[in-house]
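The values are calculated or read from the model by the stated rules, or taken from the named source; none is laboratory data. Values in this document were obtained by computation on a predicted structure and should not be read as measured data. Note: ideal-geometry Cβ built from the backbone for every residue, glycine included; neighbour counts use all protein chains shown. Each accessible area value is taken on the protein alone, full model and side chains, heavy atoms only, with ligands, DNA and RNA left out. Shrake-Rupley method; radii C 1.70, N 1.55, O 1.52, S 1.80 Å.
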Amino acid sequence: MSYFAPLSPEAARQLLGEVVKSFPFATAVLDREMRYLAYNRSWLSSHGIPEDRAIVGLRHYDVSPEIRDEWRQVHQRCLAGATERRDDDVYEQVNGRRVHHRWVVAPWRESDGAVGGIIIYVENITDQVETTRNLAEREGLIRTLFEQCPIGLNLCRMDGLWIESNPAFLEIIGYSREEADGGLTYWQLTPRKYDAAEAVQLESLKTTRRYGPYDKEFVRKDGRLVPVRLNGFIVEHDGMPCIWSLIEDLTEQRALETRVEEERLKAIHASRLAVVGEMAAGVAHELNNPLAIISGYAFTLRSAIARGDEAEIKEALAAIDEATERAGTIVKGLRKFSRQKLGHAPTDLVATSSLVADAVNLCRSRLLGTGVRIESDVRTTAQIVGNGLELSQVFVNLLNNALDAVAAAENKWVRIVAKEGQGPSSVTIAVEDSGPRIPPDVADQIFRPFFTTKTVGEGTGLGLSISRSIIEGHGGTLTLDADAPCTRFVVHLQKAP
Amino acid sequence: MSQTIVCVDDEAGICGVLRAVLRETGATVETFTDPQAALAFLQSHDVALVVCDYRMPTMSGLDVLERLPKPVPFLMMSGDLEIELFSGVKGVTGVVAKPFSAGKLIERAKGYLGEG
């Protein structure tokens, strides 16, 4: 019984042609002599044969004489009854491009079972192969990046269960990969004190799908707290939203910050000692006067007593008393200035007027014999919360600079003016002098550490940079007023509430 | 007739003690807190010795030295740490560091008071 009505040979050939044409990849049917019986368009294009050329009845080797020997051998083996296939057959084209083919060559048989020819299927899979390889390469690249990245990377579910962690992150938290992937959660490593901050970050995730930068601590496996900065965003993973986090270890940065702060405090102290040194000469002069009075009268007292000159004895004793008291006042002022108070929170309540008066008094000894006029003008009763000692240091420093600046000027004056600031809660204290203006190119540099216009040995070059650091430490500013008609340094500070 | 010693110091306390101390030399001691007044006095008087402070607000000891109407023994006095530097200055006969020993100052002053 036959399912098909008998076909004429012509109809059979036509049908074969139609079937072959419908194949999605290059296909050809050949007879025993390797003559084409049927082929499709992909076959023509893959063999570089013009589309309009009719090749039925022509020999494959005549149409494509470049066919390689290995192919000819395949054809021979299949004509002998074998079926051959290759899943990825690579050959390099003349232009160097590697081409990948998947092919099958199989014999077809006559009704008597004899081989009538072969069928060749060839599929160009170069694009597929390259795409797969690119994907694999990219995957490998991403994996390497993940493994080698010095920043901690972690993928976790919305409930905090950790799905994947890179070695950098494992090092930060001190757990092994098995431990981290074995049910460890974000919450196990988060100290309770961060509850409120966590809520803020979760809210950010909900509204913006990102969070951070968020500075917190993790509890390491060894119990130590490690400071970290987190940034993250929501991604889809296995069909559910998860959080990718980037975790930076801030341990070294924090240590550096502490070191910088220590250096800053040390520099402030060193600068204070330098200012004290500069003042020592002036203070010596101040102290030597009362000492001269005391020792002089002590000498004359002897003869006055011997003579019984009561008036002179009284005069000498009164002068000694007065001189002693004066020396005491000078020493007290100096002690106040050099006392160690390093790193104390600025909590004194300092009156602007006493700040100005103290600074002027500490510098007054330098004025003698110099012809410099010093004026102070305080037009505010405001108080400042701060470290009185550090603030005095700033104004002594500014006044000392001003005194140096006017030394060679014809008209020598230095002025310190305190008044209400522009805002309702600020105070402005300006130090002005009649010395030469600071050139604009120098103005940019004067606040840098170790910058000085003074001769070697006269200035440390730290005064202004330290002064600015002190004022900024009090939440204020110290600037050079470039628009003023004279040299003018301006300090803005917050008033005490 | 007794000889005269002129003392100049802007600080009245120092003038007072110099007067008390130098009186013991037997000389007349004239003290001035204003250098200008001292120079005016020197213009019209012969004096045996000038003891003058270096650091004064209106005029320094060197200014006074420069303006002396005629040469006279001149002791520069100061509480400055570098006081010895003045001993090399022309016209400065000697230096007196504050605080000074009253006994020694009297001895030195006596050396400038001639027999006349």
- So which of B:G94, B:G103 ends up being under 23 Å from A:L287 (Cβ atoms), open to solvent by less than 70 Å² (accessible area, probe 1.4 Å), in contact with a helix residue (DSSP H, G or I) (Cβ under 9 Å, 6 or more places away or on another chain) and more than 14 Å from chain A (Cβ to nearest Cβ)? B:G94
- Note on the structure: Those residues of region A:186-231 which are open to solvent by 70 Å² or more (accessible area, probe 1.4 Å) and outside any helix (DSSP H, G or I) amount to A:R209, A:R210, A:P213, A:K221, A:D222, A:R224, A:L225
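This table checks each residue for (1) open to solvent by 20 Å² or more (accessible area, probe 1.4 Å); (2) touching a Leu at 6+ places or on another chain (Cβ under 7 Å).
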position: A:G371; (1), (2): yes, no
position: A:I374; (1), (2): yes, yes
position: A:Q383; (1), (2): yes, yes
position: A:N387; (1), (2): no, no
position: A:S392; (1), (2): no, yes
position: A:L398; (1), (2): no, no
position: A:L403; (1), (2): no, no
- Task: Would you point out which residue out of B:P57, B:P69 is exposed (fewer than 15 other Cβ atoms within 10 Å of the Cβ) and within 14 Å of chain A (Cβ to nearest Cβ)?
- Result: B:P57
- Note on the structure: Of those in region A:308-323 that are under 11 Å from B:A20 (Cβ atoms) and facing chain B (nearest Cβ under 9 Å), the residue most open to solvent (accessible area, probe 1.4 Å) is A:E315
- Message: All but one of (1) charged (D, E, K, R); (2) open to solvent by 30 Å² or more (accessible area, probe 1.4 Å); (3) within 22 Å of A:T251 (Cα to Cα) hold for A:D181; state the number of the condition that does not hold.
- Response: (3)
- Query: Checking A:I374 against (1) assigned to a strand (DSSP E or B); (2) at pLDDT below 85, which single condition isn't satisfied?
  - Reply: (2)
- Item | Which numbered condition B:S44 misses (of (1) away from chain A (no Cβ under 13 Å); (2) crowded, with 19+ Cβ neighbours inside 10 Å) | (2)
- Hits in region B:72-84 - residues which are away from every other protein chain (no Cβ under 13 Å) and over 13 Å from the mean Cα position of the chain (by Cα): B:E84
- Regarding B:S87, is this residue more than 8 Å from chain A (Cβ to nearest Cβ), of a type in the set (G, A, S) and free of Cβ contacts under 8 Å to residues at least 60 places away in the same chain? yes
- Task: Only residues that are acidic (D, E), assigned to a helix (DSSP H, G or I) and open to solvent by 70 Å² or more (accessible area, probe 1.4 Å): list them for region A:118-171, please.
- Result: A:D127, A:E137, A:E139, A:E171
